[in-house]
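All remarks here apply to the structure that follows.
Just so it is clear, none of the values below were taken in a lab; they were calculated from the coordinates. Everything numeric here is computed off the predicted structure, so don't read it as measured data. Quick reminder, even Gly has a Cβ in these numbers, built from the backbone with ideal geometry, and neighbours come from all protein chains shown.
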Amino acid sequence: MFVKQFIRFTGVGAIGTTGHYITLIVLVEALGTDAVFASLAGFIVGALINYQLNRSYTFQSTANHRSALPKFFIIAAIGALLNTVIMAFAIQQAGLHYFLSQVLATCIVLVWGFVGNRFWTFNNAGNENG
């Protein structure tokens, strides 16, 4: 079950990541926005896409939205902070290209998000439908 959920989480994450990266690239390339800020904006777009897909498909959770949604956004906010710190460090300190920096950040945040959401956000123990 764990491996199957991780594969589903990764697939759902690919959809959210597509939204994230499109936002990042459009903001940087078309609008000249700072890459770290653009990455944060993209992260928010990806998080909104991921909530419902992970709730219904990946974890098939019966946790009610009043319980799961705030938990999801806490996990996502911590993920966004990790993403932003990694982006800032990789670009400003390590001198990496913004896109390579984002790939690195995505891999790290993927693991964080799966563990947090599997064991806390969408843990069905004691939750009601809704």
Exercise for review: Mind giving me the nanometre distance, one decimal, between the label points for THR84 and VAL115, set 7 Å out from Cα along Cα→Cβ?
Suggested key: 2.2 nm
**Study point:** Prolate/oblate/rounded label for region 1-56 (Cα gyration tensor, a/c 1.5)
**Key:** prolate
Practice item. Set the Förster distance to 30 Å, then compute FRET efficiency between LEU96 and ALA30 from the Cβ-Cβ distance, nearest 0.05. Key: 0.85
Review point. Angle, helix 65-88 long axis vs. longest principal axis of the chain, Cα atoms, 0 to 90°, nearest 10?
Key: 20 degrees
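Could you line up PHE2, PHE122 from fewest to most neighbouring Cβ atoms inside 10 Å? Provide the component values of the computation, followed by the final result.
Numbers: PHE2 8, PHE122 25.
So the ranking, lowest neighbour count to highest, is PHE2, PHE122.
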